[in-house]
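The values are calculated or read from the model by the stated rules, or taken from the named source; none is laboratory data. What you see is a predicted model, and the numbers here were worked out from it, not measured in a lab. Ideal geometry is used to build each Cβ from the backbone, glycine not excepted, and the neighbour counts take in all protein chains shown. These area figures cover heavy atoms from the full protein model, side chains too; ligands, DNA and RNA do not enter into them. Shrake-Rupley method; radii C 1.70, N 1.55, O 1.52, S 1.80 Å.
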Amino acid sequence: MADESCIAREANAANNAMHQQIRFDRWAVVRDALWNVLDPLCRDDARVAIVGAGSGDDVPLQRIAHRAAHVDLFDFDEAAVARARARVAADLRARVRPVVEDVLAGAPDLVLRAVRDKQPLPDALPLPYGPLGDGDYDLVVGDMLYTQLLHAGLLALDVRGERQHELMRRYDPPLANALVQRIQASLAPGGHAVHVHDLACWSTGHDQPLTIDEVLADPDSLWTRLHRHDACDPHLVLDRLGVKIASAAYWRWPFEPRKHFLVRATVARAHVGAGTSCPALLGL
């Protein structure tokens, strides 16, 4: 697919490059919240992977690199992961390796190009399964990429409203299913995956029946009452796969001054059978 246009990569790269220092400063609270989840899971000398690392604005990469022996940053945006690595202290930087890879092997672009070119939509997507990179990681973090599998590319094509939602409802489930299975298949025995997902939005045009503060007071009970990003929710994928969920944590993501998200970090242990080593063609 090297000679094909990569709408998803270009759209996400444009997002990653926006408001770098502003986002890094504003999202310090998010990095702290994620570290509270990772701290007990990231043992000394661990092998760690961050999937969808981007520029690392929302990831406590310095703290992870200080403890882990090796950290792989997976993203298809080479410039973004280079920026993330450059933020790590010089004496720790050798532990951090950018891995420039499309973890879904171009499957979202099959949909996006069909939409752009007004061609028939694919009935099935060729999706990769099996471990990421060398696998055998003690800790893998899926970093708030689940809602972006199609969304950024659709916005770049100016596909909005009900048409956008229709396409995401149709294609996000198989894409998220493949991604979650790859992350789970990348764990060493006894390892943990942390799937971080922007579960629901509060902004103009995204009305909710509860305030985010009300939900955070009792998130395990109240999240089901929200208008959510369910089609790509890794928590629900894990449940469908029969993977035991160890715990879940919730926090506010102040994305912009008038746009906040409820984030859920779902912790799942290594699970035999969560993925296979062969690509599969997943029907829709």
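Charges only on Cβ, +1 for Lys and Arg, -1 for Asp and Glu: so what's the dipole of the range 67-140 about the Cα centre, in debye to the nearest 20?
Working: 10 positive and 13 negative charges, 77 e Å.
Magnitude of the dipole: close to 380 debye.
On the basis of the beta-carbon distance and an R0 of 30 Å, Arg87 and Ser221 show a calculated FRET efficiency of 0.20. How many nm separate the modelled label positions at Leu210 and Val29, each set 7 Å beyond the Cα in the direction of the Cβ? Label-label distance for Leu210 and Val29, simple model: 1.9 nm. Taking the centroid of alpha carbons for each part, the range 41-69 and the range 95-124 are 26 Å apart. Of all DSSP-defined beta bridges confined to the chain, some 55% are antiparallel rather than parallel.
What the Kirkwood sum gives for the range 1-145 is a hydrodynamic radius of 16.3 Å, with every pair of different alpha carbons counted. Ranked by the mean number of other Cβ atoms within 10 Å of their residues, highest first, the peptides 185-194, 204-213, 237-246, 151-160 fall in the order 185-194, 151-160, 237-246, 204-213.
Solvent-accessible area per residue in the chain equals 44 Å², computed with a 1.4 angstrom probe and all protein chains kept. Counted residue by residue at 0.36 nm each, then reduced by the alpha carbon distance between them, the extension gain from Arg63 to Leu121 reaches 16.5 nm.
Roughly to the nearest percent, how much of the accessible area of the range 70-131 is carbon and sulfur, given a 1.4 Å probe?
Ligands and nucleic acids excluded, carbon and sulfur reach 54 percent.
Under the combined filter of DSSP loop state and at most 13 neighbouring Cβ atoms within 10 Å, the range 48-145 retains these trypsin sites (Lys or Arg not before Pro): Lys118. Full extension of the chain between Asp39 and Glu166 yields a length gain of 41.9 nm, computed as 0.36 nm times the residue separation minus the alpha carbon distance. Positive contributions from Lys and Arg (+1) and negative ones from Asp and Glu (-1), summed over other residues with Cβ under 14 Å from the Cβ of Val48, come out at -1.
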